[in-house]
Amino acid sequence: MQRSLRFVFFAQFLVVLGSSLLRAQDPTAGMSVKEIYEKACASCHGIYGAGLATDSPLLPTFEVEPADLTDPLFNSREPAADWFMVIKHGGRPLGLSSQMPAFGQVFDDQQISDLVAYLKSLAHTDSYPPGDLNFLRSIQTIKAFPEDEALLLGRFESDDEIESLSTTFYYARRVGPKAQVEVKLSHLARESFSGLHEVELGFKYALGHDLARQALWTVGIEAEIPLHEREEESDQVVPYFAFAKGLADNLTFQGNVLSHLPVDDPGQGNIELTGVLHWMTSPWPRSFSPGIEGKVGIPYEDSQEVSFSLLPQLYLGLTRGGHVALVAGVEIPVAGPSYDYKLHWFLLWDLADGSFWKGW
Amino acid sequence: MGPFGRGGDLMKSQGLLLPLVLMLGWGAWAWGFTAHAPQKIRLSGKVYFNGQDSDRRIRMNADPVCMSAHEDPVYSEQIVSQNGGLGNVFIYVKEGVPGKGTRPTTPVELEQKGCVFRPHVLGVQVGQPLLIRNDDPTGHNIHALARVNKEFNFGQPFQGLEITQVFKKPEVMIRIKCDIHPWMVAYIGVLEHPHFAVSDESGNFAIEDLPAGSYLLEAWHEQLGVRSIRVEVEAGSPTTVEFRFD
């Protein structure tokens, strides 16, 4: 009996000794994520995440002022996955300031995930759609997430007799936590005409989201105003419902239901259903993501054909931070009015992430 | 009796023939090698300076931990001068070294202690580990502003953390800084060969094991610039050189 007790006590001693040695090797052992933040991040981001005080002696030494993590717009629009990458790999590989260090050799992936969750809690973001639901923009499907973006879009159409080139400038600006206003100006060039073709004004509002289910739903309305042949072309109102759904870590779906309603004769309009599936091949923003988009147009007028087209496309992040991207695709008619093909492309600049020339 | 007589028979019988042949062969090879091996010379010298020690005091008030680490004022190491010499000068053979030399596996250490990098100027060979350690009870980051090698920036938020880096290309010099404590600066020279040194506070330095030959030596200082000298190193003749910074 005495021998077995001695063995038990010795075994317990070994367990305690071993765990003590392990804790001694891990400097974060026993630390809360808040304490980790205070040790690793607060020197530059402030004890509460609001950045450096205006009289801090460190402030003049920074190329870029450390981000205010308590700003709800900034905090909410950034996907948690992006913050994970910045903490693990540092700022420079992600197109951000090189003064942001990498901590991937200090913290494991779970610790970094916990730290990101803590950073997300530093701002009151309940009213804002989370950036984790900000999926890639596609060629035709209206993006569900409100944005600050500028795009230059092009479309080349070819059928038996007509070729045309359309160039559009698009500008979107967020208003408040959930809304976005936008403007588009299009130029059309074809054999019989070359000039400004159409201006479009739009408004979008994020109705709600469910982060756990990776879902976002949005409503909006656009007004399309033709600038030439106004006696033949009617102004149109385009109400829509847009939604986004994350299917897996690297697979997303976005879809719209919208209606083109000519002001002169709404019965000549249609309902359009579009959807796009994107596959993100890499967690790094400067990567390519293939997508497949489909569009169904159902005219209100029974005599007109239902149209269906497919649009395979490629999304290419050009900068290290992914804030400038190029998308190109080919629209192929499957049913309805025929044409040879339509080539689509656009160059995108996410205005919220800084200068166009940053991070190349 | 064998062809080598009784002696040969004796050696064969005692199993001594093979070891003797091997010894004689090795001796011949060693004699030939040492007779023709390049002799290694010690090149020493002094960097002269007619200015004064830096009197720029470093203010560590951005971090109370750093302030508490020093009882006496801390001064910038940009100009370190005693006895008419200049310290923290990186002296290296810029031209004339045949080959690249072997890559050492022993790490060179860069320490962060009292919120100061130690040493302030150091050299490392291409492929040689650089071990960087945080010896302070406060966080630091190691931001290497390399232009030829890959720039890196690693956080070391806790005391005792170590990180090892390797530079893949020669580069003179790489500035290392801590973005949390902006006064913390060090400089690293990365070379293909081991023929470099850093002068002490009195400007003295020595480069060991330099083969005889003709070389271009360069002395680099972070503020005062660069000086170059051509030197002939002869076998069996230790060589001294001087650099002057005004």
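Couple of notes before you dig in:
- Dimensions (Å) - the stretch B:72-116, Cα atoms, principal axes, largest first: 46, 28, 14
- With N counted as the residues of the stretch B:127-210, its alpha-carbon radius of gyration over 2.2 N^0.38 Å works out to 1.21.
- Ranking of B:SER237, B:SER54, B:SER199 by count of other Cβ atoms within 10 Å, fewest first: B:SER237, B:SER54, B:SER199
- Here the scattering of chain A is modelled by Debye summation over its C-alpha atoms, one equal scatterer each and no solvent; at q = 0.11, 0.14, 0.15 Å⁻¹ the log10 of I(q)/I(0) is -0.83, -1.20, -1.34.
- Cα-based convex hull, the stretch A:61-142, per residue volume (Å³, whole number): 121
- Debye log10 I(q)/I(0) at q = 0.07, 0.08, 0.11, 0.12 Å⁻¹ for the protein assembly as shown, Cα point scatterers: -0.68, -0.80, -1.07, -1.17
- Alpha-carbon centroid distance for the pair the stretch B:174-212 / the stretch A:235-304, whole angstrom: 61
- Per residue of chain B, the DSSP helices (runs of n ≥ 4 H) give a summed -39500 (n - 2.57) that works out to -4500 deg cm²/dmol at 222 nm.
- Here the Kirkwood formula puts the hydrodynamic radius of chain B at 21.1 Å, using every distinct Cα pair.
- Computed extension length for A:ALA179-A:PHE156: 5.1 nm, one decimal, from 0.36 nm per residue of separation with the Cα-Cα distance subtracted.
- With the cut-off at under 16 Å, measuring from each backbone N in the stretch B:78-116 to a point 7 Å along the Cα-to-Cβ line of B:VAL226 picks out B:89-97.
- Here the stretch B:208-246 is scanned for amide nitrogen atoms under 16 Å from the site 7 Å beyond the Cα of B:SER44 along Cα-to-Cβ, giving B:208-210, B:236-243.
- Projected label points at A:SER355 and B:MET67, each 7 Å from Cα along the beta carbon direction, are separated by 3.6 nanometres.
- The tail of the calculated P(r) for the stretch A:218-297 beyond 22 Å holds 43 percent of all Cα-Cα pairs.
- Remark: spin-label model distance A:SER32-A:ALA328 equals 5.4 nm, labels positioned 7 Å along the Cα→Cβ axis.
- Dipole-positive endmost among B:ASN149, A:GLN254, A:SER166 within the protein assembly as shown (Cβ charges, Cα centre): B:ASN149
- Net dipole in debye of chain B [+1 Lys, Arg Cβ; -1 Asp, Glu Cβ; about Cα centre; nearest 20]: 820
- The stretch A:163-287, Cα convex hull volume normalised per residue, Å³: 154
- Cβ-based exposure ranking for A:THR252, A:THR28, in which fewest neighbours within 10 Å come first: A:THR28, A:THR252
- In the stretch A:19-103, taking the dipole from charged Cβ atoms about the Cα centre, the farthest positive-side position among A:LEU52, A:HIS89, A:LEU69 is held by A:HIS89.
- Greater than 23 Å apart at Cα, pairs in A:LYS120/B:LYS113; A:LYS88/A:LYS178; A:LYS245/A:LYS295: A:LYS120/B:LYS113; A:LYS88/A:LYS178
- Amide H partners (placed H, <5 Å) of B:HIS70, local residues excluded: none
- Estimated from the Cβ-Cβ distance and a Förster radius of 30 angstrom, the FRET efficiency linking B:GLN159 and A:ASN250 is about 0.15.
- Dipole of the stretch B:74-211 computed with +1 at Lys/Arg Cβ and -1 at Asp/Glu Cβ about the Cα centre; of B:LEU191, B:SER202, B:VAL108, farthest Cα towards the positive end is B:LEU191.
- For A:LYS358, a cut-off of 16 angstrom between C-alpha atoms picks up these aspartates and glutamates, skipping any fewer than 8 places away in its own chain: A:GLU63, A:GLU65, A:GLU149, A:ASP350.
- As an equivalent ellipsoid, the stretch B:46-97 spans semi-axes of 31, 15, 8 angstrom, where each value is the square root of five times an eigenvalue of the C-alpha gyration tensor, largest first.
- Reachable lysines, given that their alpha-carbon falls under 18 Å from the alpha-carbon of B:LYS40 and they are not under 8 places away in the same chain: B:LYS94, B:LYS100
- Cα gyration tensor shape for the stretch A:316-360, rounded if a/c is under 1.5, else prolate or oblate: prolate
- The spread of Cα positions in the stretch B:90-173, taken along each principal axis and listed from longest to shortest, comes to 45, 22, 21 Å.
- Near-label residues of the stretch A:60-82 by backbone N, under 14 Å of a point 7 Å along Cα→Cβ of A:TYR48: A:68-72
- The ranking of A:SER282, A:SER97, A:SER303 by Cβ neighbour count inside 10 Å, starting from the fewest, reads A:SER303, A:SER282, A:SER97.
- Fraction of alpha-carbon pairs over 23 Å apart in the stretch A:121-228 - percent: 40
- Efficiency of FRET from Cβ geometry, B:LYS150 and A:LEU314, R₀ 25 Å, rounded to 0.05: 0.30
- Cross-link reach list, aspartates and glutamates versus B:LYS177, counting only Cα pairs under 12 Å and skipping chain neighbours closer than eight places: B:GLU151
- Projecting label points 7 angstrom from Cα along Cα→Cβ for A:LEU73 and B:SER54 puts them 4.2 nm apart.
Computed from the coordinates by the stated procedures, all read-outs in this text should not be read as laboratory data. Please read these numbers as outputs of a predicted model, since none were measured by experiment. Because the Cβ atoms are built from the backbone with ideal geometry, glycine has one as well, and the counts that use them run over all protein chains shown.
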